[in-house]
Amino acid sequence: MSRKFHGHWSSRLGFVLAATGSAVGLGNIWKFPYMTGQSGGAAFVLVYLLCVTFIGVPILVAEWMLGRRGQRNPVHTMARLARQHGHGRQWALVGGMGVLAAFLILSFYSVIGGWALAYIGKAALGGFDGLDKLAIAGDFERFLARPMDLLRWHTLFMALTVGVVALGVSTGIERASRLMMPALALILLVLVGYGMSTGSFLAGLRFLFAPDWSRLDAQVLLAALGHAFFTLSLGMGVMMAYGSYLGREVDLLRTARTVVFLDTLFALCAGMAIFPIVFAHGLDPASGPGLVFVTLPLAFGHMAGGVPVGTLFFLLLGFAALTSSISLLEPVVELLEERTPLGRATATVTAGLGSWALGIAALLSFSLWSGVRLFDLNIFDLLDYVTSKLMLPLAGLGAIVFVAWKLDQRGVRAELGLGRPGFALWLLVARFIAPLGVVFVFWSNL
Ligand code: PHE
């Protein structure tokens, strides 16, 4: 982060909210359920929970610590800390890969954010009223097949993201999220309640929590690991950038536990809302990225008060996506700002335009370019694969290895405020369990 803008979070609460705002988004409500469905359910969920706990928490702490010490954008932070501790410049790559990943993710994230925006209007006009699964799924498929429609919504979502970042009103957005996030949680609970009324709630729970270990293979391990990074905004320099605003007094471990707990809660609630509907209507859990946009409209079309509840849901989902997308744009903008002569506003528009253009390729993979494939993946899936399953875990690995092996450990212990046994446990996790976990998953995929 550039020094001239350097302030600090007003309080630990403010920081928790901003970090949670970045973490909770489409990853929890759109991506987690459809990946769970594609990966066969509970085995994926349990590995994901393990990854979040033993890899996510320590890497979150590591990224915040690096950001707080470096006080710059991720690339410069890593370069500076490496120099201070007598290590090579190549550590800057960890930051650089993260910023590139953020840029790539924003491109397709904005496409899905656009879907959420489009569905606000559909819900408000009662577009799901009384429709059955075929009608709702057909409607969604036709939506995907109209690239100009997708483009309009993708453009609107990206424009909102760029506008918020360029006008520097992200703090306002984050303040608003104090209200919006709890409201989203509340609606999810209402939907979980609806799930209970479908008669298939237990089937949903079983799918989510009773593992069929035969479904566990190297692919599922990698999917769960990658999603742990994606959902916690790790490996992208995002949390590092946030950490650079963090006051000395904030307890990193405690804060990480809070953020990870909240993030996981949102994801599991989304799962408990969606899978009962999947089984009640005989839908295919493995149907892919459209899962949320077919299941929840079915609920809105059949429940009492479905129009206001549905409208509010997609509005809040769009909002949650926005608090995540602004955090994706931020590190790219900071880097451009510090490395090029561009001012803040121009840097923001440039980064946004680039990501928007790439997003067009992503949205075309649902229609005209569905046949454009590399390694059997379309452009959308390829962007997701390369970022979530390769770049994020690698950048995260770099961050934790640097903190656990390259920093002066006395300072780290003081910073974490841990006694001897606590710090021994930290070292065990940060030096061995987390990095070896990542390496193991990669290795099993080779
Ligand atoms: N964590 C966000 C989500 O789950 C996505 C995101 C990734 C946001 C990376 C910022 C950085 O939706």
key: Gain upon complete extension [R178, L436; 0.36 nm per residue less C-alpha separation]   = 89.2 nm
ask   = Roughly how many Å² is the accessible area per residue of the chain, as a whole number, for a 1.4 Å probe?
value = 38 Å²
task = Give me the accessible area of D408, 1.4 Å probe, in Å² rounded to the nearest 10.
result = 70 Å²
ask   = Which value in deg cm²/dmol, rounded to the nearest 500, describes the helix-derived mean residue ellipticity at 222 nm for the chain, given -39,500 (n - 2.57) per DSSP H run of n ≥ 4 and division by the residue count?
value = -23000 deg cm²/dmol
key: For E141, solvent-accessible area (1.4 Å; no DNA, RNA or ligand), Å²   = 120 Å²
query = Counting every Cα pair in the chain, what percent are over 28 Å apart?
reply = 47 percent
Highest-MSF residue in the chain out of S22, S214, S177 [GNM, Cα springs under 10 Å] = S214
ask   = Relative to the compact globular guide of 2.2 N^0.38 Å, what is the alpha carbon radius of gyration of the range 187-328, as a ratio?
value = 1.21
task = Sort H281, H154 from largest to smallest accessible area, using a 1.4 Å probe on the heavy atoms of the protein chains.
result = H281, H154
request  = With label points built 7 Å along Cα→Cβ from the Cα atoms of L418 and W213, find their separation and express it in nm.
outcome  = 3.0 nm
inquiry  = Along the Cα→Cβ direction, 7 angstrom out, place labels at L125 and L202. What is the inter-label distance in nm?
reply    = 4.2 nm
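Report, to the nearest whole %, how much of the accessible area of the chain belongs to carbon and sulfur atoms, 1.4 Å probe, protein only.
68 percent
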message = Sequence gap of 8 or more, or different chains, plus Cα separation below 26 Å: how many lysine pairs satisfy both in the chain?
response = 5
task = Quickly rank 225-233, 69-77 as a protection proxy: mean count of other C-beta atoms within 10 Å, highest first.
result = 225-233, 69-77
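Given Cα pairs under 8 Å that are at least 6 residues apart, what percent is the relative contact order of the range 12-445?
36 percent
The values are calculated or read from the model by the stated rules, or taken from the named source; none is laboratory data. Values in this document were obtained by computation on a predicted structure and should not be read as measured data. We place every Cβ from the backbone using ideal geometry, glycine too, and count neighbours over all the protein chains shown. Please note that ligands, DNA and RNA were not included when accessible areas were found on the heavy atoms of the full protein model with its side chains. Shrake-Rupley method; radii C 1.70, N 1.55, O 1.52, S 1.80 Å.
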